[in-house]
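A.B. asks: Let me give you the structure first, and then I'll get to my questions.
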């Protein structure tokens with residue numbers, strides 16, 4: 001992997017993020033990006049909670065999936081895209097409030113399949129969930 005993204009690559013990734021309607025619906029924020037890595041943030045709010053006050057697992061899953069997709073996007077060519085093949089999540093602690101960060105890193109990017117690991121941290125930097133996902137690269 002290269003050491004840094006070019007300004008053109010960074011622009012392409014930021015532009016791609018702006019065109020994800022579901023990311024806007026959840027109010028996700030694109031954080032740091034680097035070759036094979038991306039962070040996505042979300043601020044906990046009432047609409048994201050289940051009836052007992054804990055952030056809904058689907059919100060965490062969406063955060064993970066989005067972070068993984070953008071970590072892989074940093075390695076894809078301009079004309080390539082990808083889709084999730086599987087996603088295994090381990091929820092480790094309840095998430096109640098604050099700013100949440102998903103840190104995704106590409107573990108292996110083969111010709112057709114990529115494996116990405118993602119940790120979800122609360123605002124005290126405690127890991128609240130961890131995931132392993134794979135994506136299929138599409139032309």
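A.B. asks: Within segment 58-110, which residues are surrounded by fewer than 17 Cβ atoms within 10 Å (Cβ to Cβ), out of contact with any strand residue (DSSP E or B) (no Cβ under 8 Å at 6 or more places or on another chain) and outside any loop (DSSP other than H, G, I, E, B)?
C.D. replies: Selection gives 58 alone.
A.B. asks: Looking only at residues that are touching a helix residue (DSSP H, G or I) at 6+ places or on another chain (Cβ under 9 Å) and free of Cβ contacts under 8 Å to residues at least 40 places away in the same chain in segment 59-98, which one is farthest from residue 138 (Cα to Cα)?
C.D. replies: Step by step, filter segment 59-98, then rank; the result is 91.
A.B. asks: Next question, about the same structure. Looking at residue 55, is it buried (at least 21 other Cβ atoms within 10 Å of the Cβ), in contact with a strand residue (DSSP E or B) (Cβ under 8 Å, 6 or more places away or on another chain) and either closer than 17 Å to residue 5 by Cα or modelled with pLDDT of 95 or more (or both)?
C.D. replies: Working: buried (at least 21 other Cβ atoms within 10 Å of the Cβ): yes; in contact with a strand residue (DSSP E or B) (Cβ under 8 Å, 6 or more places away or on another chain): yes; either closer than 17 Å to residue 5 by Cα or modelled with pLDDT of 95 or more (or both): yes.
So residue 55 passes the test.
A.B. asks: Does residue 120 count as modelled with pLDDT of 95 or more, in contact with a strand residue (DSSP E or B) (Cβ under 7 Å, 6 or more places away or on another chain) and either loosely packed, with under 14 Cβ neighbours inside 10 Å or assigned to a helix (DSSP H, G or I) (or both)? Break it down stepwise before answering.
C.D. replies: On the way: modelled with pLDDT of 95 or more: yes; in contact with a strand residue (DSSP E or B) (Cβ under 7 Å, 6 or more places away or on another chain): yes; either loosely packed, with under 14 Cβ neighbours inside 10 Å or assigned to a helix (DSSP H, G or I) (or both): no.
Here the answer is no, as residue 120 does not meet what is asked.
A.B. asks: In this structure, does residue 114 turn out to be in contact with a helix residue (DSSP H, G or I) (Cβ under 6 Å, 6 or more places away or on another chain), closer than 15 Å to residue 39 by Cα, touching a residue at least 12 places away in the same chain (Cβ under 8 Å) and assigned to a strand (DSSP E or B)? Can you show your working first?
C.D. replies: On the way: in contact with a helix residue (DSSP H, G or I) (Cβ under 6 Å, 6 or more places away or on another chain): yes; closer than 15 Å to residue 39 by Cα: no; touching a residue at least 12 places away in the same chain (Cβ under 8 Å): yes; assigned to a strand (DSSP E or B): yes.
So residue 114 does not fit the description; no.
The values are calculated or read from the model by the stated rules, or taken from the named source; none is laboratory data. Predicted model, so just to flag it, every value in this text is computed and none were measured. Virtual Cβ from ideal backbone geometry, glycine too; neighbours counted across all protein chains shown.
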